[in-house]
1. Can you compute the FRET efficiency between residue 73 and residue 130 using 1/(1 + (r/R0)^6), with r the Cβ-Cβ distance and R0 = 51 Å? Round to the nearest 0.05.
2. For region 1-51 and region 109-124, what is the separation of their C-alpha centers, rounded to whole Å?
3. Ranked from highest to lowest mean number of other Cβ atoms within 10 Å per residue, what is the order of the peptides 339-346, 379-386?
4. State the Cα centre-to-centre distance between region 244-260 and region 294-334 in whole Å.
5. Between residue 375 and residue 218, what is the FRET efficiency for a Förster distance of 22 Å, r being their Cβ-Cβ separation, to the nearest 0.05?
6. Could you calculate the contour length gain from residue 327 to residue 38, that is, 0.36 nm times the residue separation minus the distance between their Cα atoms, to one decimal place in nm?
7. Of the peptides 395-405, 57-67, how do they stack up when ordered by the mean number of other Cβ atoms within 10 Å, highest first?
8. In nm, to one decimal, how far is the residue 99 label point from the residue 353 one, both placed 7 Å along Cα→Cβ?
């Protein structure tokens with residue numbers, strides 16, 4: 001798609017508004033002023049909502065940009081000085097240790113971790129269905145993603161006494177946005193104490209689970225990090241993996257279930273597909289779920305797991321008429337890029353069918369896990385976990401939104417509901433043969 005670039009526009013935005021409602025404010029700015037905007041706050045911010053320029057920054061010439069920004073300095077205090085916030089050699093060392101654990105050969109271990117967490121979730125939901133109660137999908141998906149992440153990273157199941165840490169991580173996640181948006185050390189003293197206390201708790205968890213894993217002879221990701229790095233460096237990497245791993249997946253799962261409940265007509269093909277495939281579906285057979293894959297990809301378009309990608313220009317240069325200056329702080333926004341009407345027809349509408357043909361997708365305008373060398377290292381596993389969990393849950397349950405239930409957004413590491421997201425559930429009794437399912441998908445294609 002050959003779309004001409006727009007000129008840089010300079011605007012004044014009250015900092016309180018940007019901090020209080022970042023998603024709505026940034027979306028309004030882009031729709032009102034275009035795709036290249038300089039926000040004149042006490043520290044200027046350059047917003048990029050142009051697919052070609054975003055590609056230039058994140059992938060094509062990524063070596064001209066880095067993460068040496070206040071955003072990551074502050075964020076590292078909350079989610080750890082790990083692979084997300086690290087620079088240069090520290091990042092390369094961490095990545096070389098972590099990457100082998102996110103390859104195909106580790107999928108069976110990953111599936112075992114998911115199955116254990118899924119069993120608990122399904123049992124709890126069956127009880128709630130029997131009692132006619134709603135389910136809090138935001139909380140339950142956070143618990144599931146947290147348990148799965150811990151189990152996989154350490155090679156042992158999560159002890160019940162540490163389940164409360166998930167809730168505390170959720171609370172801390174709310175403060176992470178301060179690290180992304182504010183340039184000064186404005187985190188309140190009480191929050192500083194909470195950060196230190198929670199990091200102490202997580203380090204205690206790391207030590208105990210690592211000892212248990214070692215005693216069982218498990219060669220886990222946690223053990224590999226402890227062998228390659230000193231104790232504090234390994235702890236920082238594990239804090240990052242735990243925090244980022246559960247936050248992004250739980251957010252994506254929550255929005256998938258919400259959109260299933262909100263878009264009944266778009267959800268119907270998915271319920272039929274997963275119901276017919278339920279008996280034999282495993283982590284290696286997920287590619288057959290064509291419509292479910294499209295549904296999740298469209299969910300990631302509207303609710304990207306990573307909604308903000310700050311970068312710093314390290315070398316002054318020009319690209320297609322846009323002048324990058326040394327030390328220029330740049331914000332690339334998957335949240336707005338994915339909703340940009342220059343690239344997406346009916347950008348605000350939920351249309352899974354747009355992902356049933358790759359030819360219809362503007363690839364450079366779709367970056368849910370970022371792109372380039374700093375792309376999310378767990379991208380493939382995170383997507384497959386979401387696909388597997390959605391397939392298993394929807395093969396057994398249908399979802400609907402309770403009357404008068406309103407959903408408000410809050411932007412943290414990932415975009416989440418501001419309050420509990422409760423859905424009504426019932427058993428998925430759809431009776432569809434494989435032949436019928438395949439016929440339906442062919443009609444869509």
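1. On the way: r = 50 Å, r/R0 = 0.98.
Efficiency, rounded to the nearest 0.05: 0.55.
2. Cα centres, region 1-51 to region 109-124: 42 Å.
3. Numbers: 339-346: 15.8, 379-386: 21.0.
Put in order of decreasing packing, that is 379-386, 339-346.
4. 22
5. Working: r = 28 Å, r/R0 = 1.27.
The pair residue 375/residue 218 has a calculated efficiency of 0.20.
6. On the way: separation 289, 0.36 × 289 = 104.04 nm, distance 1.42 nm.
Contour length minus Cα-Cα distance gives 102.6 nm.
7. Details: 395-405: 15.5, 57-67: 17.8.
Most protected by this proxy first, the peptides run 57-67, 395-405.
8. 4.0
Only the coordinates and a few stated rules stand behind these numbers; no lab work does. Just so you know, these numbers come straight off a predicted model, no measurement behind them. Glycine also receives a Cβ, built like all others from the backbone with ideal geometry; neighbour counts cover every protein chain displayed.
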